[in-house]
Amino acid sequence: MTYNIHPLFVHFPIALLLLYSAVKILPLQKWFPKGNWKTSEILLLVTGLAGVVIASSTGELAEELVRPNNQIVEMHSLFAAATTWMFGIILAGEVLRFINCRYTAKLNSPAISKIATGAEKILTNTLLTKLLAFAGLIAISVTGLLGGVMVYGLSADPIAPMVLKLLGIAF
């Protein structure tokens, strides 16, 4: 017998990435200046994205087991992928920052250093990362809403019918 373990893993990345978005978007550094917010952000982002990988893998299995409404599954997958990309781009910027601090100067290649520094400046731009975190917050919320509709139907969330209508999904 095969079990649907997807519900065991989806809640962790949702919680972690929602919390990451709140930490990234809200001015917590100004409100609580003694906190180590950068480390907290990176920890939430890395663990949240690791959870997304596991949730996506188990989601493929769940789709085969449950066979829900295909339109909702496809839209759920689309928003899950968008969530992964948005937070993944933010993480790529942080990884590039780490690499540039530690290794780029040691390469003795001005061309690579210039490209890496330019890419880092773009990917770690405060406005861009906040916009991506906000868009990721919306995407993961819609992903969760669609997952809830597949499991509980329209009665579990009062805004579900409106979101489904906006997305052009008949349920």
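The values are calculated or read from the model by the stated rules, or taken from the named source; none is laboratory data. Computed from a predicted model, the values in this text were never measured in an experiment. Virtual Cβ from ideal backbone geometry, glycine too; neighbours counted across all protein chains shown.
Points to keep in mind about this one:
- The residues listed here are 9, 79; of these, the one that is in contact (Cβ under 8 Å) with a residue 60 or more places away in the chain and under 27 Å from residue 163 (Cβ atoms) is 79.
- Any chance residue 92 is buried (at least 16 other Cβ atoms within 10 Å of the Cβ), out of contact with any strand residue (DSSP E or B) (no Cβ under 7 Å at 6 or more places or on another chain) and at pLDDT 85 or above: no
- Within region 5-46, if we keep just the residues that are among the hydroxyl-bearing types (Ser, Thr, Tyr) and under 18 Å from residue 134 (Cα atoms), the residue that is surrounded by the fewest Cβ atoms within 10 Å (Cβ to Cβ) turns out to be 40.
- Of all the listed residues (73, 52), the sole one being in a helix (DSSP H, G or I), modelled with pLDDT under 90 and surrounded by 14 or more Cβ atoms within 10 Å (Cβ to Cβ) is 73.
- The listed residues are 46, 10, and the only one of them that is touching a Gly at 6+ places or on another chain (Cβ under 9 Å) and part of a helix (DSSP H, G or I) turns out to be 10.
- Criterion violated by residue 82 - all others in (1) surrounded by 16 or more Cβ atoms within 10 Å (Cβ to Cβ); (2) in contact with a Leu (Cβ under 7 Å, 6 or more places away or on another chain); (3) of a type in the set (A, V, I, L, M) satisfied: (2)
- Among the residues here, residue 28 qualifies as more than 17 Å from residue 141 (Cβ to Cβ) and modelled with pLDDT of 80 or more.
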